[in-house]
1. Going by the structure shown, is Leu376 under 23 Å from Gln155 (Cβ atoms) and either among the aliphatic types (A, V, I, L, M) or part of a strand (DSSP E or B) (or both)?
2. When you go through (1) out of contact with any Lys or Arg (no Cβ under 9 Å at 6 or more places or on another chain); (2) over 30 Å from Leu128 (Cβ atoms); (3) modelled with pLDDT of 90 or more one by one for Asp56, which number turns out not to apply?
3. Is it true that some residue in the stretch 36-52 is under 30 Å from Leu152 (Cβ atoms), out of contact with any Cys (no Cβ under 7 Å at 6 or more places or on another chain) and assigned by TED's automatic domain parsing to the domain that holds Leu165?
4. Looking only at residues that are among the charged types (D, E, K, R), under 30 Å from the mean Cα position of the chain (by Cα) and outside any helix (DSSP H, G or I) in the stretch 314-350, which one is surrounded by the fewest Cβ atoms within 10 Å (Cβ to Cβ)?
5. Would you point out which residue out of Gly89, Gly136, Gly119, Gly98 is out of contact with any Lys or Arg (no Cβ under 8 Å at 6 or more places or on another chain) and either modelled with pLDDT of 95 or more or buried (at least 24 other Cβ atoms within 10 Å of the Cβ) (or both)?
6. Which one is modelled with the highest pLDDT among residues in the stretch 340-388 that are polar (S, T, N, Q) and more than 16 Å from Gly189 (Cβ to Cβ)?
Amino acid sequence: MMVRSLFPIAIFAGVSLVAAAPALADVKAGVDAWSRGDYTTAVGEWREPAEKGDADAQFNLGQAYKLGRGVKQDLARAEELFGKAAAHGHLQASDNYGLLLFQRGDHARAMPFINAAAGRGDPRAQYLLGLAHFNGDNVTKDWVRAYALVSLAQQAGLPQAASALAQMDQHIPIEQRQQSVILASHLAGEAEATRARQVTAADLASGTPRAVPGPAASMSASEGASPTAIPRMPSIASAEQALAEASRVAGTDSPGGAGADFTRPRVPVVTSVPRTATPMPDPTPVPAPATARPAPKPAPAPAPAPAPPAAKSGNWRVQLGAFGVPGNADALWNRVKGRPELSGHGKMLEPAGRLTKLQAGGFASRADAQAACSRLAAGGFDCLAVRK
């Protein structure tokens, strides 16, 4: 099966700024000016410290060039500034640098930065890395990891991820999707630990404690958000903006498929083999020898039905609802029982006064139950992790 790679472009458009600390007065003054909407003054405050190598000033000035505020928009200059700040260990600049490299098509150089950002839980990077693993572009093809990464991006609220998962559902076997649920839980835990460790290392280097930026913070910042001294990832552009930008860059491709058309199969062109122009003489007919008619072969035995998934055990459950009419619990179970998150997890009906709770049991840990709930919630089902 051939799948076409997709490289969605406009997946970050928000702005967050940081004040250097111990703060150079110019950097802090620039952040204050930006907060007032005085972008020209802010840019003027950041130029000198950026030229002297201050990573926060370089990052903030890069944001101004990326957004075209206080200066003419210049993505090449923004990329240069993000690259300089990234070389000084600025995590947000590193993330933006990788995204800009990817945006202009330098995927091989971008991938180490994308991989590092995904390891810190950045949903934009998780989405791009997931597509790369799905297609095998500059990384190994790994559908379990691909589905897990795009699932995490979807859970963080990245709009393109939902349509990507819908396309992946058509190609990735259910067994691999089931494996991805557990992997996604592990990746989320590793990302949280990595973020905390790297921010702590930056604190020790600068002498200033900072809040740990998480995926939720990156989703909450809007393009018009006020700058703050607490580092936050830039927010993600709307799906409409992403489609429009993808159309501009891709050219002939329909923008309606941007974000999800990486699974569109290409139709191979078949070249016919030319026949010889010289006619061959008809051979003298030779009577065919008489042959015994072979005995009919018995019909093959039907393939055995696949064994049901083994029942899983554990003290944690996911609760899907509480119903005054027990039949409604059965109806909901019929809708969800085929989902990969619930494979091997048995249906449980728990009476609670006049209500009947619908649960699925056998989860080994709270993290496993919460991971299943996250995927169920993404599919439109209410869910709650509860202990037995």
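1. Yes.
2. (2)
3. If we filter the stretch 36-52 for residues that are under 30 Å from Leu152 (Cβ atoms), which is where we start, we get none.
Checked the stretch 36-52: no residue is under 30 Å from Leu152 (Cβ atoms), out of contact with any Cys (no Cβ under 7 Å at 6 or more places or on another chain) and assigned by TED's automatic domain parsing to the domain that holds Leu165.
4. The residue in question is Lys337.
5. Gly98
6. For the stretch 340-388, the residue satisfying everything is Gln359.
The values are calculated or read from the model by the stated rules, or taken from the named source; none is laboratory data. The shown structure was predicted, so the numbers you read here are calculated from the model rather than taken from an experiment. Neighbour counts run over all protein chains shown; Cβ positions are idealised from the backbone, glycine included.
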